[in-house]
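Written below as structure tokens is the structure these notes are about.
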Amino acid sequence: MQDLETKSLWSQISGICIQGKMEGTKLKTVPFSHTTFAAFKEQYPKGKLLKKPADGQAGSTYDSYFADKDKLGIFGRVDNFKKLAGKDKVYGIRFENSEFAVAESYLKKNGFALIVNDSKRIYLSYDESEMSVVAFALPDSLRLAGKIEINNQTARAFPVISAYWFAWVSFFPETELIK
């Protein structure tokens with residue numbers, strides 16, 4: 001990520017500034033939803049969209065990068081990521097020195113994923129109509145039986161990071177993958 005105001009470069013995965021005025025600073029991770037603009041506008045009608053400078057360019061400056069399955073990272077690298085293809089999309093979760101990644105294909109097929117370790121239960125929900133993914137930390141008292149309805153009384157939002165598999169696993173090689 002690039003911050004034009006401070007001329008700083010940030011790691012999307014770690015949240016740490018790697019170059020520029022803010023170098024070494026770590027961003028606070030907050031829960032959010034990965035969704036379409038249409039779904040966002042429906043939920044937040046007064047929400048604003050940050051616009052690129054009007055330079056006559058349509059789409060994203062990264063469109064060709066997104067379309068090229070063989071281009072991994074800015075400088076490129078060999079796809080030797082055995083569990084998934086390098087540019088397969090995953091949703092990453094980090095807590096208590098543990099990292100998990102849920103393949104987008106798994107979420108599309110199942111609608112949800114449940115990550116359980118000794119101290120936490122994290123529930124990821126996928127809504128195909130809105131193409132949205134959200135994550136929640138579930139209380140121990142909540143009984144689970146498949147896909148569940150989540151609200152502010154049953155769970156609290158939990159940060160989830162959307163990334164390509166090669167990028168996530170490069171930062172967290174010991175990631176447990178749900179695919």
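Of note:
- All positions within the stretch 134-179 that are modelled with pLDDT of 80 or more and within 24 Å of TYR44 (Cα to Cα): VAL134, ALA135, PHE136, ALA137, ARG156, ALA157, PHE158, PRO159, VAL160, ILE161, SER162
- Residues that are in a strand (DSSP E or B), basic (Lys, Arg), under 16 Å from PHE32 (Cβ atoms) and at pLDDT below 90 do occur in the stretch 72-95.
Each row is one residue, and each column tells you yes or no for (1) farther than 23 Å from VAL169 by Cβ; (2) surrounded by 12 or more Cβ atoms within 10 Å (Cβ to Cβ).
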{"residue": "THR6", "(1), (2)": "yes, yes"}
{"residue": "SER14", "(1), (2)": "no, yes"}
{"residue": "MET22", "(1), (2)": "yes, yes"}
{"residue": "LEU27", "(1), (2)": "no, yes"}
{"residue": "VAL30", "(1), (2)": "yes, no"}
{"residue": "ALA38", "(1), (2)": "yes, no"}
{"residue": "TYR44", "(1), (2)": "yes, no"}
{"residue": "GLY47", "(1), (2)": "yes, no"}
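- All positions within the stretch 109-133 that are modelled with pLDDT of 85 or more and closer than 25 Å to GLY73 by Cβ: VAL133
- Output for the stretch 120-138, where each listed residue is closer than 11 Å to ALA155 by Cβ, more than 12 Å from the chain's Cα centre (by Cα) and part of a strand (DSSP E or B): ARG121, ILE122, TYR123, SER125, PHE136, ALA137
- For the stretch 2-43, a residue qualifies if it is assigned to a loop (DSSP other than H, G, I, E, B), of a type in the set (Ser, Thr, Tyr) and modelled with pLDDT of 85 or more, and the qualifying residues are THR6, SER11, THR25.
- Selection from the stretch 96-119 of residues that are in a strand (DSSP E or B), out of contact with any strand residue (DSSP E or B) (no Cβ under 7 Å at 6 or more places or on another chain) and in contact (Cβ under 8 Å) with a residue 40 or more places away in the chain: SER98
The values are calculated or read from the model by the stated rules, or taken from the named source; none is laboratory data. Computed from a prediction, not measured in an experiment: that's the story for all the values here. Every residue, glycine as well, gets a Cβ built from its backbone with ideal geometry; the counts of neighbours run over all protein chains shown.
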